[in-house]
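Peer 1: One structure coming up, written as structure tokens, with questions to follow.
The values are calculated or read from the model by the stated rules, or taken from the named source; none is laboratory data. The structure presented is a predicted model; accordingly, all values stated were derived computationally and were not measured. FYI the Cβ positions are ideal-geometry reconstructions off the backbone, even for glycines, and counts take in every protein chain you see.
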Amino acid sequence: MWKAFLISAAMLTCFVQGRSQPGQVTDSLLNQLRSAKEDTNKVLLLISIGQQTENSNPQVAKNYYLQAKALSKKLNYAAGEIKFYLNYTAVLNLQSHFDSSLVLNLESVELAKKSGSPLDIAKCIQNVGVSWYYLQDYEKSTEHYLQAVPYFEKAKDTFRLSILYSNIGLVFREAKLFDKALEYHQKALKLSRQLNDPYETGLTLTNIGIVYSDLKQYGKAEAVLTEALQLARQTNDDYLMEQVLLNITNLYLKKREYPQVKNYAEGALQYSKKLGDSLVIAVSLYSLAQEAFHRSDFSAASSFASEGLAIAAQKNFKEQQEILYEFMASLALVKKDIAAYTRHKGVADSLSEILLAETVQKNVQQLDKKFETEKKNNEIIQLARDKKVKALWNYLLAGIAGSLIIISLFAYRTYRQRQKLQEQQIAELEKEKQLLATQSLLKGQEEERSRMAKDLHDGLGGLLSGVKLQLGAMKGNLILSEEHGRIFTNALNKLDASIHEMRRVAHNMMPEALMKLGLQQALQDYCDGLAEGQPFTINSEFYGLENRMDPSTEVVIYRIVQELVNNAVKHSGASSILAQVMRHNNNLTITVEDNGKGFDKEAMAHGSGLKNVRSRVDYLKGNLDIKTMPGQGASIHIDCIISNG
């Protein structure tokens, strides 16, 4: 009947050794910052302040890290930029922004390979492994972790080896290889104890406690989690306190010792709200709902579950939504509310089917992408082999024909030309491989949007409309007082509003006009709907879109315009926005302009909105040009060549 969430305390590479009281250290560092010169020491100072505040105030820490990056770029200080990546991505992981973290970590590896030390490369590779772990691709996560191990072992870096061993243990736990997980966690614990680091020791003990709990060795789990709690209180670290309290809560849920649950769940909720950790907030509320249920306080249980469900829905935590709907269904059953039970159980079953379909789809896409990637890699390997063979023949001929200098020089020049051509081919194949991966991802996203929109419109929409008709029919046959009649009418109006909102969401996910009437009508409908009743105007101009294009191309163009216009509406404060799409033969241009406050291109370069636009422009093999300055509006122009549908 009951399910439990279990959150692993995954450790990253960005830690400060020798933590002292955060407030005292930060005040001291801030005093130094006020008089610091614009040099590399100031970069390190900004990083240190961010590290001291990231667990208690992640947004403030991110601001200091961004300042460190900007100053590092100004000083051409590559080591400072690498430190930015290592620390900033840790905060992104803490805030559950795992896709953004992966993108930045991959950038950091390239930067480290160009300008960093072998140890910097290893740290960046390990962080890529952390990102893949959070994204649940455990094969890639293990691959990157194992690449980093020799670097840290050779450098005898006990601190980072401790973190790395613990991360490998987390991957083995996800693979249900609990003995291997314990082996690596124990290695990590031994090293963290040698370092006399209470924070790392507490985090590692928490992970060991989770594995013992998985093995149903509850006595051992309780012992190590109790020690971890003592260390968490000693360090006064919010993140560590959150993790330990959450996992002690889950331990008592598994043991069905519900009287023990409340205090620990309330503590985990307090710290997760302070950190803005939405996932842990939802988990803690679910735990409190279970505890209230077993006290027969069904009102409190319903309140906790509803609050957790709202957060899970807002953040699109599908698994948590499924579990909370299952709980609400069980609660309704106890209350003998069959209608509510049927409703909640139906939503839970639908979410279960969606999660299963997503898992299958993800596996299929990964297999497809893996096949295409291997195919391109084989071509690259073959070209590289051809290159080596030709080099060998070149040296052989040079030795044999040493006396024929002119012929040898001519042969060498020919070889160099072929070598350059092959290098160009290798580069093109690498670019094509990246494009294939992007195309596969975008295609999967749009297919999932289309499927979910259809399910909402045809499935849930039809069900709600049927309920509305039945209630409307019942109203005419019921004798109600004036008060009850008004309540009944209000309920019908709210149901009607829910149907309208559901259809609006389904339309935004995949507009019917785009599929049935084409790109021009869909864009016109979107711009008109967005500007209706608003203080700004959207001037839309579309030319040459009468002839349909390939459906996937139309979807990509629609998403680009949608993202750019939506960004202008949300962030620019403009009174006038221009959205223009023009097609002449195979040439297509997209222009979105506004008279708003503009923005800093460097500061926004890594924002998710512009990254989404760039990935879609790359899909169309187009060029993106951004012209903007703070206070002077913005103009974004895209050129690309498309084929006929």
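Peer 1: Restricting the search to the stretch 111-140, which residues are farther than 14 Å from L86 by Cα and surrounded by 24 or more Cβ atoms within 10 Å (Cβ to Cβ)?
Peer 2: Answer for the stretch 111-140, where residues must be farther than 14 Å from L86 by Cα and surrounded by 24 or more Cβ atoms within 10 Å (Cβ to Cβ): just Y133.
Matching residues to (1) β-branched (V, I, T); (2) surrounded by fewer than 24 Cβ atoms within 10 Å (Cβ to Cβ):
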{"position": "L225", "(1), (2)": "no, no"}
{"position": "T235", "(1), (2)": "yes, yes"}
{"position": "E257", "(1), (2)": "no, yes"}
{"position": "Q270", "(1), (2)": "no, yes"}
{"position": "L279", "(1), (2)": "no, yes"}
{"position": "S287", "(1), (2)": "no, no"}
{"position": "H294", "(1), (2)": "no, yes"}
{"position": "A300", "(1), (2)": "no, yes"}
{"position": "S306", "(1), (2)": "no, yes"}
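Peer 1: Name the residue, out of Q217, Q243, that is out of contact with any helix residue (DSSP H, G or I) (no Cβ under 6 Å at 6 or more places or on another chain) and of a type outside the set (F, W, Y).
Peer 2: The conditions single out Q217.
Peer 1: Determine which member of the set K315, K336 is in contact with a Ser or Thr (Cβ under 9 Å, 6 or more places away or on another chain), at pLDDT below 90 and either under 26 Å from I248 (Cα atoms) or not aromatic (F, W, Y) (or both). Break it down stepwise before answering.
Peer 2: Working: K336 fails: in contact with a Ser or Thr (Cβ under 9 Å, 6 or more places away or on another chain).
Just a single option satisfies the conditions, and that option is K315.
Peer 1: A further question on this structure: Return a yes/no flag: does the stretch 260-280 have any residue that is more than 26 Å from S96 (Cα to Cα) and assigned to a helix (DSSP H, G or I).
Peer 2: Here is the first cut: in the stretch 260-280, the residues more than 26 Å from S96 (Cα to Cα) are 260.
Remaining after also requiring assigned to a helix (DSSP H, G or I): 260.
Yes: one or more hits.
Peer 1: Look through E143, E153 and report the one residue that is out of contact with any strand residue (DSSP E or B) (no Cβ under 9 Å at 6 or more places or on another chain) and modelled with pLDDT under 85. It would help to see each step written out before you state the result.
Peer 2: On the way: E143 fails: modelled with pLDDT under 85.
Answer to the check: E153.
Peer 1: Here are some residues: I248, I338. Which one is touching a helix residue (DSSP H, G or I) at 6+ places or on another chain (Cβ under 9 Å), under 29 Å from S56 (Cα atoms) and without any contact (Cβ under 8 Å) to a residue 40 or more places away in the chain?
Peer 2: I248
Peer 1: Working carefully through the options I248, I311, find the one that is in a helix (DSSP H, G or I), surrounded by fewer than 22 Cβ atoms within 10 Å (Cβ to Cβ) and β-branched (V, I, T).
Peer 2: I311
Peer 1: Listed residues K69, K73; which is surrounded by fewer than 19 Cβ atoms within 10 Å (Cβ to Cβ), part of a helix (DSSP H, G or I), outside the structural domain of E242 (by TED's automatic domain parsing) and modelled with pLDDT of 90 or more? Steps first, please.
Peer 2: Working: K69 fails: surrounded by fewer than 19 Cβ atoms within 10 Å (Cβ to Cβ).
Of the residues listed, the single one that is surrounded by fewer than 19 Cβ atoms within 10 Å (Cβ to Cβ), part of a helix (DSSP H, G or I), outside the structural domain of E242 (by TED's automatic domain parsing) and modelled with pLDDT of 90 or more is K73.
Peer 1: Still on this model: Would you mind finding the one in L324, L356 that is assigned to a helix (DSSP H, G or I), in contact with a Leu (Cβ under 7 Å, 6 or more places away or on another chain) and either modelled with pLDDT of 70 or more or loosely packed, with under 11 Cβ neighbours inside 10 Å (or both)?
Peer 2: Details: L356 fails: in contact with a Leu (Cβ under 7 Å, 6 or more places away or on another chain).
Going through L324, L356 in turn, just one is assigned to a helix (DSSP H, G or I), in contact with a Leu (Cβ under 7 Å, 6 or more places away or on another chain) and either modelled with pLDDT of 70 or more or loosely packed, with under 11 Cβ neighbours inside 10 Å (or both): L324.
Peer 1: Among all residue pairs at least 6 apart or on different chains, which show Cβ distances below 9 Å where the first residue, located in the stretch 69-87, is under 19 Å from Q52 (Cα atoms) and without any contact (Cβ under 8 Å) to a residue 12 or more places away in the chain and the second is charged (D, E, K, R) and surrounded by 22 or more Cβ atoms within 10 Å (Cβ to Cβ)?
Peer 2: Going by the 9 Å Cβ cut-off, there are no qualifying pairs.
Peer 1: Do we find that Y239 is surrounded by 22 or more Cβ atoms within 10 Å (Cβ to Cβ) and aromatic (F, W, Y) in this structure?
Peer 2: Working: surrounded by 22 or more Cβ atoms within 10 Å (Cβ to Cβ): yes; aromatic (F, W, Y): yes.
Yes.
Peer 1: With respect to the numbered conditions (1) in a helix (DSSP H, G or I); (2) closer than 26 Å to Q95 by Cα, which one is the sole condition not fulfilled by H344?
Peer 2: The one condition H344 does not meet is (2).
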